[in-house]
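What follows draws every value from the coordinates through simple rules; no lab data is involved. Nothing here was measured: the structure is a model prediction, and the numbers come from that model. A quick note on method: Cβ atoms are made from the backbone with ideal geometry, for glycine too, and the neighbour counts reach across all protein chains shown.
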Amino acid sequence: MALKITNVLQGIAASPGIVIGKVFLLEDEELTLVQKEIGKDEVKREIQRFRDALVKTRAEMVSIQEKILKTLGKEYARLSDAYLLILEDPLITRDVIKRINEGVNAEYALFKILERVIHSFEMIDDEYFRERKHDIQDVGKKILRHLLGKERRQLSDLTSESIVVGHNLTPSDTISMKESLIKGFVTDIGGRTSHTAIVAQGLEIPAVVGLKNVTGQVNEGEVIIVDGNQGLVIINPTAELLENYRREQEIQLAQIRELEKLRDLPAQTTDSHRVTIAANIDNVDEVKSVLSHGAEGIGLYRTEFLYFNKSALPSEEEHYQNYLKVAQKMLPYSVIIRTIDLGGDKLSHLGLEGITVENNPFMGLRAIRLCLKYPSIFKTQLRGILRASAECKIKIMYPMISGINELRDANKILEETKAELRKEGKRFDENIEVGVMIEVPSAALTADLIAKEADFLSVGTNDLIQYTLAVDRVNENVANLYEPLHLSILRLLKTVIDAGHNAGKWVGMCGEMAADATFTTVLLGLGLNEFSVSPVQIPKIKRIVRSVSIMEARALVAEIMECTEQEEIIKIIKKREFKGMSN
Ligand code: PEP
Ligand code: MG
């Protein structure tokens, strides 16, 4: 018998949890591409063959979209809109045909055009847009398969519980995800913002992406372990590893069950200091999970999803309907709607004048800066938010404010929008609260001024840390320098929270730091009023809040603020964490 060697692959943790199961290999057989020169008399037939393949691909995609709509809902069905748009793009409908006319077969013409486009996508700085090259590749493969008359294996072929292993999972693959047979999935490619990661988190299925060549390393039916917490995939696990992971899985399940009991208990410390634990969401479908995990509101609704995969900007009505739906479901709690945080590059496909692909989009025409430059885009969203506020509990929050003047400028447009609605006789909440995200160091350092004119502050640590420490938040090469416990960050947090409180305003945090249980006691001690985290993280944070006293938390903060060495701070926090775990 051949000796099996255990192989541990490190990828990107896309969705938490552990699963052990058999592989269902989704990967296609190689599609062999042949280059053929064709004569003038064959061109017409070749173009027709290509057009037929497009028609078949379209029919396939429309049927898939209908299934997605039924199974996963509208928000996920939108992901497949992008696929249909690619199919209609002139690069497919015009350029490939032009190439065939030059005397090559359809398969080769398609391959050459896609190669060029994919190369241009690889040059884009922004991770989200760079990732979209996979969508183009997937559409290309579909057309190619129809040209070659080959069928791809479908997830609907599944007959027993499995872990799906694929090069990439397309929106069309995700249609069966809700069916309980799929226990987890892993892919060769993809990053944190890939469709695969978005879908996995929404469905709460453990997933690891970006494994480079997992499809080449596993066999159908083989048992693997997917550790979605650490981003690991273990092939051919030893009996000991399997045992350890089974135990770990049981511990996690027991913890989840234990944590579920906290759902309806208040988020308060042992000495009755009350905080709010709210949820971060990207789309309407997540509200179910928000409620089932016991959130007391939505602390951050990232509205960018409404703009992705679209050929036109969303209308006021789309904004209104979307916000109304979320906020109605959340009653009696409130929803904080963050106005768009889109970068200039992410809107370049909409052809807005003055929007170009930027070399440094994180510091470019992003978020509130973009809204102030294009007030009509801003007003359309504000009108949608305001109208929805007439019927539900909604608050507005501006992202990337860098100082008081930007807040005033944004508020001026908000007031104009309100005046227009009043004139039109359209109702809205006249007392709607307006908060500011503190995620730029200049805003943190002038938070006292901002707090006087805002109704609340919410710290966006994802950006605040990246700008303060000059560490790109998505660059794995400097990930070790991304340190939330850096004294500069702790001092900034103290400055912001104190500034909010001195102005009589509450202060929340919606960056990932709020979702990491290691920091919960420190944040409590600093005086944070609201923790806004992804729904699955809520019970874990609540457990920590309920296990400490505010006195202890304040003492911890006093102790670490005296430290001069970062290692010392980390040591104190880790020691506490360890003690907490053994309690
Ligand atoms: C943040 O920056 O912490 C934040 C919550 O916003 P985003 O992650 O959407 O930039
Ligand atoms: Mg941010």
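Assorted remarks:
- Less than 5 angstrom separates the built amide H of residue 273 from those of 550, all sequence-distant by 5 or more or on a different chain.
- Convex hull (Cα only) mean projected area of the stretch 40-148, reported in nm² to one decimal: 6.9
- Averaging 1/r over every pair of different alpha carbons in the stretch 485-570 and inverting the result gives a Kirkwood radius of 13.2 Å.
- Karplus-derived HN-Hα couplings along the stretch 119-126 (A = 6.51, B = -1.76, C = 1.60, θ = phi - 60°), whole Hz, x at Gly and Pro: 4, 5, 5, 5, 7, 6, 5, 6
- Cα convex hull of the stretch 261-582 - mean projected area over all directions, nm²: 16.6
- Convex hull of Cα atoms in the stretch 217-334, direction-averaged projection (nm²): 12.2
- The local environment of residue 418, defined by Cβ-Cβ distances under 13 Å, has a net charge of +2 under the rule Lys, Arg +1 and Asp, Glu -1.
- Only aspartates and glutamates eight or more places from residue 44 in sequence, or on another chain, were considered; those with a Cα closer than 16 Å are 52, 95, 102, 107.
- Anisotropy class of the chain from Cα gyration tensor, a/c 1.5 cut: oblate
- What the phi angles of the stretch 560-571 give under the Karplus curve with 6.51, -1.76 and 1.60, with θ = phi - 60°, is a coupling list of 6, 5, 7, 5, 10, 10, 4, 4, 4, 4, 4, 4 Hz, glycine and proline written as x.
- Amide H contacts of residue 395 (H built 1.01 Å from N, in plane; Pro and chain starts excluded): 335, 336, 337 sit under 5 Å, all sequence-distant by 5 or more or on other chains.
- Candidates per GluC sites (Glu not before Pro) in the stretch 111-154, loop by DSSP, up to 15 other Cβ within 10 Å: 151
- For the chain, DSSP calls about 35 percent of its internal beta bridges antiparallel.
- Computed log₁₀ I(q)/I(0) - Debye formula, equal Cα scatterers, no solvent, the stretch 92-143, q 0.13, 0.14 Å⁻¹: -0.33, -0.37
- Axis angle, to the nearest 10 degrees, between helix 538-547 and the longest C-alpha principal axis of the chain: 20 degrees.
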